[in-house]
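Below is one structure, written out as structure tokens, with a few remarks after it.
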Amino acid sequence: MLELFLHFALLSLLAVGGISTVMPEMHRVVVETEGWVSGAEFTQLFALSQAAPGPNVLIVSLIGWKVAGITGALVALAGFCLPAAALAWSVGGLWERFRDAPWRALVQRALLPVTIGLVCAGGYVLATPEGLGWRNALIACASAGALHATRLNPLWILAAGGVAGWLLFT
Amino acid sequence: MNPAPPSPGPPRPPAGLADLFLGFLSIGARAFGGVLPWAHRVLVEERRWLAPEDFSEVLALCQFLPGPNIANMSVVLGRRWFGFPGAVIGFLGLMALPFFWVLALAMLYADWSAQPSVRAVIAGVGIAGGGLIIGTALKLGRPLARKPAAAAIVAACFIAVGLLRVPLLIVLPVAVLLALAAARRGLA
């Protein structure tokens, strides 16, 4: 159990930019080194964590659940979230303190385009689980356009995506 | 369902810890296909706790911190508004429902995963979720439309990470240095 916590705590601090960054490393530790789940199970758990509402980080709790039930799920999630949360806590405090510093405005202006580029990349990676094809492109562009151009509740857009998936992929 | 109500006036922080908890609970509860679009909708459009620029700014900070971005956001914003209790409550609000839902789904899925139509629907929802994230990026990027250098950085980051899958540990430092140089010259 301690091992579960420590492995995920280490991964947490490597995950600069979000969980997708450490997916390859997590696969290496969880499947190859520790053998907690098989490779096929890992892929399935990843798909589930994407399909369920909530942060994709919950794949960590699914792995913990496979290893040691509900306690494992909690321990793994705590391991993955606590170190990062502690860091966010302290850096967030500093960031507020320098609210009016001129360098902060500069850093902020610089970070904005980088952030947006990375968000786009994250969306693209999620929208092309098996490479780019016209079906993925159609569903993803339609959803992005609908969100951007209308005030439609995103749940409707996701439901439409589900229907489109059913029509296009079966 | 209802469109986000266009409530007037400047953004105001949550009224109390209960309000904060419910706000983050409503992000986690509905966050199909990624949390970011829902975080933007709840924090900026529905509850108006943050101005759009403020949201982008906090998101940028949280992306550069390791760990799950929106979970970091709940900690940073919770601290800003209510100190330590706020950070804990925001984080728990965000995680509470999804934690149980993903476990419930994992148990259900074991019975249903053989159905091709179930897989097709799940795939469609996942792709649409990716599209929503891109749509959110378009919203966040509106202020950059007239800044060619900034738009070039957006495109370069997208190509490097999204298409070429270059590791973030390489892309981030390079992109940040370039962006800082552009920002100093007033280009971004």
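Any read-out appearing in this document is the output of simple, stated calculations on the displayed coordinates, not a laboratory observation. As the structure is a computational prediction, the values presented were derived from the model and not from experiment. Here the Cβ positions follow ideal geometry from the backbone for every residue, glycine too, while neighbour counts run over all protein chains shown.
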- Task: Partner chain Cβ atoms within 10 Å, averaged over the residues of B:45-55 - can you pull that number for me?
- Result: 0
- Distance between modelled label sites at B:Leu108 and A:Thr71, nm, 7 Å Cα→Cβ extension: 2.9 nm
- Task: Neighbouring Cβ atoms within 10 Å as the yardstick, rank A:Thr128, A:Thr43 fewest first.
- Result: A:Thr43, A:Thr128
- Task: Would you mind telling me which residue in B:Gly28, B:Gly162, B:Gly16 has the biggest mean-square fluctuation in a Gaussian network model of chain B, where springs connect alpha carbons within a distance under 10 angstrom?
- Result: B:Gly162
- Likely footprinting exposure, A:Ile70, B:Ile122, B:Ile127, B:Ile70, fewest C-beta neighbours within 10 Å first: A:Ile70, B:Ile122, B:Ile70, B:Ile127
- Message: Test of understanding: what is the full-extension gain from A:Trp156 to A:Leu138, defined as 0.36 nm times their sequence separation minus their Cα-Cα distance?
- Response: 4.8 nm
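What is region A:39-107's relative contact order, in percent, from Cα pairs under 8 angstrom and six or more apart in sequence? Mind showing how you got there, number by number?
Details: 42 pairs, mean separation 11.6, N = 69.
This gives 17 percent for region A:39-107.
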- Query: Under a point spin-label approximation (7 Å from Cα along Cα-to-Cβ), what is the B:Ala18-A:Glu32 distance to one decimal in nm?
  - Reply: 5.2 nm
- Which residue, B:Ser26, B:Ser74, B:Ser117, has the most motion in a Gaussian network model of chain B that connects Cα atoms within less than 10 Å? B:Ser117
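State which helices in chain A qualify, where a helix is a whole DSSP H run, it must extend 27 Å or more along its own axis by its Cα atoms, and its mean Kyte-Doolittle hydropathy must be at least 0.5.
Details: long enough: A:59-97 (42 Å, 1.33); A:102-127 (38 Å, 1.16).
Qualifying helices, which must be both long enough and hydrophobic enough, are A:59-97, A:102-127.
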- Query: How do B:Glu46, A:Glu34 rank when sorted from fewest to most other Cβ atoms within 10 Å of their own Cβ?
  - Reply: A:Glu34, B:Glu46
- Task: Using only Cα positions of chain B, each an equal point scatterer, no hydration layer, compute I(q)/I(0) via Debye at q = 0.12, 0.14, 0.18 Å⁻¹ and quote the log10 values to two decimals.
- Result: -0.72, -0.95, -1.33
- Partner chain Cβ atoms within 10 Å, averaged over the residues of B:85-91 - can you pull that number for me? 2
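Quick one: compute the contact order of region A:16-73, relative version, from alpha carbon pairs under 8 angstrom and 6+ residues apart, as a percent. If you can, show how the numbers build up before the last one.
On the way: 44 pairs, mean separation 13.6, N = 58.
Computed value for region A:16-73: 24 percent relative contact order.
Compute the FRET efficiency between B:Arg185 and A:Arg99 as 1/(1 + (r/R0)^6), taking r as their Cβ-Cβ distance and R0 = 22 Å, and round to the nearest 0.05. Working shown, then result.
Details: r = 24 Å, r/R0 = 1.09.
For R0 = 22 Å, the calculated efficiency reads 0.35.
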- Amide H contacts of A:Val16 (H built 1.01 Å from N, under 5 Å, at least 5 apart or other chain): B:Gly67
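May I ask you to derive the relative contact order of chain B, considering only C-alpha pairs under 8 Å and at least 6 residues apart, and to give it as an integer percent?
On the way: 171 pairs, mean separation 39.1, N = 188.
For chain B, the relative contact order is 21 percent.
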